[in-house]
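Please read the structure below before turning to the comments.
The values are calculated or read from the model by the stated rules, or taken from the named source; none is laboratory data. Computed from a predicted structure; not experimentally measured. A quick note on method: Cβ atoms are made from the backbone with ideal geometry, for glycine too, and the neighbour counts reach across all protein chains shown.
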Amino acid sequence: MSISVCLIVHFDGLHLPRAMESVKAVADELIVVVAGADDAALKAATEFGARAVQMPWNSDLSAVWNAAVDMASGDWILLMESDEWLLPQSIMEIRRCATADDTLGFFIAREDVLDEAQPDKVSLMWQLRMFRRRSDVRFVGRCHPDFSPPLPQIAQQINKKISPSAGVLRHDGYAGGQRLARLRQEAALLELELNDRPDRFYYLVELGRTLLLLNDPRGHGHLRQATELLYNHRDDMVAPSVMAAALLEHLMRLTPAVSHNRFSRSELHALANRWFPNSAPLVWLEAQWYYDQENFTQAAVLLNKLIDLGRQQAYDQSCSFDPRIVGDDAKLNLGVCYMRSAELAKAEKQFGQLLESPTAGAAARENIAIVRDLRRRIEQVQQRDKGDQRDTAYQGDESGYII
């Protein structure tokens, strides 16, 4: 089965050669659509051997995606943007996906680089980027194009699946000096989207969060409006939108003094557990709240849940998060909870599992030293008072959440 790789240039074509090079081993057909007056990107695509076209940029990303899909002739389409690249270990996986007769589309992991100086420090989310070419597969949305009709709906109609894959894209469009410019462009598109479709919950949340990243106080107003809409659904068994998870995350990060919302902390936790029980960011924030309340036992329960979600890859794949919170950061903070609960043997064992970790090893060694010092002090107390064999909770310097 043949694969058409469709590459979109709509902001900056500087990294287009990297994107094209990353997919040349999987692309039976390489299509590049340049939206706007980026002649250098068009020239680079043509010289690489891609089918390249230039079209006006009309502040509508879905129009560009649809144009690229319309040009494709392969059995499958892999859709990418020019500041993304396919990791080398994903090449065989993409080829394998193209042989799946029972599947209409595949989710592909996208790693967003958070810091240009640390390219392996990423957040993670899954996006539906590989799918069979069909005339009824179309996109809508100026800023975050989505399938219309939804691809899972089409899959159900034709008795095919939407499946996860082991493919990985990496994206650095928001790292470094271009981050603010990209956020401003995104905010402008989201404002246009809201003008087209007022009171759309998804875009209220996304615009609010984007404006706050730009330190624009208007973002608070959009998020308050979205919160009022969400409050009307508080008794629903199913979330009104996947974007409700992002709003809950925002509200759970606020202190009561500045939140100005109608939800209590217990209501936020209840909604998170009812609607998004496997959302890693929400479980992490709930664990952090219990830790701050010095309920280390409940915090440990939630951290163990995060570790299990990470081990089984059973976390909600629709939201972006730092993968460390289902890995070493969760394990490190679990050890801290055991230590604060005076479960020193369990704490030392937990920290011992992290000694070889490149990110958590140093903190694990420091905490093991603290645990061993505590155990020595407890033994000294027990030796002085033979009649009292009770373990003593640590009341000295506090170890806290790493993040």
> In region 354-378, which residues are among the acidic types (Asp, Glu) and either more than 32 Å from the chain's Cα centre (by Cα) or outside the structural domain of ILE307 (by TED's automatic domain parsing) (or both)?
Replying inline: ASP373
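Which strands (runs of 3 or more DSSP E) does region 1-84 wholly contain that include 2 or more residues that are in contact (Cβ under 8 Å) with a residue 40 or more places away in the chain and acidic (Asp, Glu)?
Hits in region 1-84: none.
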> So which of ASN304, ASN295 is of a type outside the set (Ser, Thr, Tyr) and more than 24 Å from the chain's Cα centre (by Cα)?
Replying inline: ASN295
> If we keep just the residues of region 1-56 that are touching a Gly at 6+ places or on another chain (Cβ under 9 Å), within 17 Å of SER90 (Cα to Cα) and β-branched (Val, Ile, Thr), which is surrounded by the fewest Cβ atoms within 10 Å (Cβ to Cβ)?
Replying inline: ILE3
> In region 179-237, what residues are among the aromatic types (Phe, Trp, Tyr) and surrounded by fewer than 16 Cβ atoms within 10 Å (Cβ to Cβ)?
Replying inline: TYR231
>> Where the second residue is small (Gly, Ala, Ser) and part of a strand (DSSP E or B) and the first is farther than 13 Å from ALA98 by Cβ and in contact (Cβ under 8 Å) with a residue 12 or more places away in the chain and lies in region 121-132, which pairs have Cβ atoms under 7 Å and are six or more apart or on separate chains?
In response: LEU124/ALA109; TRP126/ALA109; LEU128/GLY105
> Just checking, which of ASP199, ASP216, ASP235 is closer than 22 Å to ALA272 by Cα and either in a loop (DSSP other than H, G, I, E, B) or of a type in the set (Lys, Arg) (or both)?
Replying inline: ASP235
>> Given the criterion surrounded by 19 or more Cβ atoms within 10 Å (Cβ to Cβ), outside the structural domain of ARG218 (by TED's automatic domain parsing) and either within 15 Å of the chain's Cα centre (by Cα) or polar (S, T, N, Q) (or both), identify the matching residue among LEU104, LEU124, LEU114.
In response: LEU124
> So which residues in region 316-341 are more than 18 Å from SER357 (Cα to Cα), of a type outside the set (A, V, I, L, M, F, W, C) and touching a strand residue (DSSP E or B) at 6+ places or on another chain (Cβ under 8 Å), if there are any at all?
Replying inline: GLN317, SER318, SER320
> Name the residues in region 324-353 that are under 26 Å from the mean Cα position of the chain (by Cα) and either among the aliphatic types (A, V, I, L, M) or not assigned by TED's automatic domain parsing to the domain that holds GLN312 (or both), would you?
Replying inline: ILE325, VAL326, ALA330, LEU332, LEU334, VAL336
> Exactly one of (1) in a helix (DSSP H, G or I); (2) surrounded by 14 or more Cβ atoms within 10 Å (Cβ to Cβ); (3) assigned by TED's automatic domain parsing to the domain that holds GLY208 is unmet by ALA270. Its number?
Replying inline: (2)
